[in-house]
1. What ranking of Thr130, Thr26 emerges when the number of other C-beta atoms within 10 Å of each C-beta is taken as an exposure proxy, fewest first?
2. Between Ala120, Ala66, Leu134, whose Cα lies farthest towards the positive end of the dipole of segment 62-137 when Lys and Arg beta carbons carry +1 and Asp and Glu beta carbons carry -1, centred on the Cα centre?
3. Need one number for segment 62-137: average projected area of the convex hull over its C-alpha atoms, nm².
4. Using only C-alpha atoms and all pairs of different ones, pull out the Kirkwood radius for the chain in Å with one decimal.
5. Based on DSSP H runs of at least 4 residues, each adding -39500 (n - 2.57), what is the mean residue ellipticity at 222 nm of the chain after dividing by all its residues, to the nearest 500 deg cm²/dmol?
6. Quick one: angle between helix 22-34 and the longest Cα principal axis of the chain, in degrees between 0 and 90, rounded to 10, please.
7. Going toward the positive end of the dipole of the chain, with +1 on Lys and Arg Cβ and -1 on Asp and Glu Cβ, which of Ala44, Ala84, Pro13 do you reach last?
Amino acid sequence: MNVTREIVKDLLPLYVSGEASADTRTLVESFLREDPELARLADALRAEEVSPARGAIVPPGAGRAALSRTKGLLRRRTRLLAFALLFSGLPLTCAFDQNGLRFLLLRDAPGLASASLAVACALWIAYAVTVRRLRVTGL
């Protein structure tokens, strides 16, 4: 098989990141000595990380920032779910007494029960927005 310039261009990201085998490094280095344009491309790859899938320049540390953002969204989703469940169930708290089952907030404080349900609705909306953002990130 004949190794072409395009094959070496495909191997450059592995070579620059240090993940290439010794044979691949030797092959790429021999091409870089012969082709100054490929050598400039390798230098540009070393200077800044380039995503080989899209060809887009990715600033150093962008992966770490994306991971941090995703972790924050996961924490937010968990907290929103917990509080949404709490405020949804709060108006339904009940007690058993001699008269049977009695809903405490609905009977004794309907305004507070309504406010709790309003807060629960807002939390469920925030939860849905957060889940949608996580789907955009691929989780």
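1. So the ranking, lowest neighbour count to highest, is Thr26, Thr130.
2. Ala66
3. 5.8 nm²
4. 20.3 Å
5. -24000 deg cm²/dmol
6. Tilt relative to the chain: about 60 degrees.
7. The residue sitting farthest along the positive end of the dipole is Ala84.
Read-outs throughout are calculated quantities, based only on the coordinates presented, and are distinct from any laboratory measurement. Nothing here was measured: the structure is a model prediction, and the numbers come from that model. A quick note on method: Cβ atoms are made from the backbone with ideal geometry, for glycine too, and the neighbour counts reach across all protein chains shown.
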